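Please treat every number below as a calculation from the coordinates, not as lab data. Everything numeric in this text was worked out from a predicted model, so none of it was measured. Quick reminder, even Gly has a Cβ in these numbers, built from the backbone with ideal geometry, and neighbours come from all protein chains shown.
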Amino acid sequence: MSKLGIAVAAVLALAAASVAIWAWISLGAVQMSASGYIALVLGGVATLGLAGGLIALLFYSHNKGFDDAAGGRRIDDDKPR
C-alpha cells in the first residue's frame, strides 16, 4: 500500500472515530441497563467472530485452490518454476 493510501485510510479512520465520539457525547445522560451493555458486548464479539471466520474461510479457499478457476488464467502461470 502506498503512503497516500495509508494517509487516506488514517484520515477516514479519524473522521469515523470523531463522528462516533461526537454521537456518543451528544446523547448526554442517557442511561443504559446492564442488559444493554451485555447486548452491546455480545454484538461486538459476534461481529468480530463473524469477520474472523469469513477471513479464515477466505484464506482456506485460497490455499486449497478453490478459487483458481473463477478468475481465469493466473499471473503465476506465466512464470517458470
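A few remarks follow.
- Per-residue HN-Hα couplings for the stretch 38-46 [Karplus 6.51, -1.76, 1.60; θ = phi - 60°; Hz; x = Gly/Pro]: 5, 5, 5, 5, 5, x, x, 5, 5
- Per residue Cα convex hull volume in Å³ - calculated over the chain: 155 Å³
- Paramagnetic reach from Ala70 in the stretch 21-60 [backbone N under 17 Å; point 7 Å along Cα→Cβ]: 51-60
- Kirkwood-type radius of the stretch 31-70, with distances r between different C-alpha atoms, in Å: 12.2 Å
- Across all Cα atoms of the stretch 1-46, the radius of gyration (one decimal) and Dmax (whole number) stand at 15.6, 45 Å.
- Distance between the 7 Å Cα→Cβ label points at Ile25 and Leu54: 3.2 nm.
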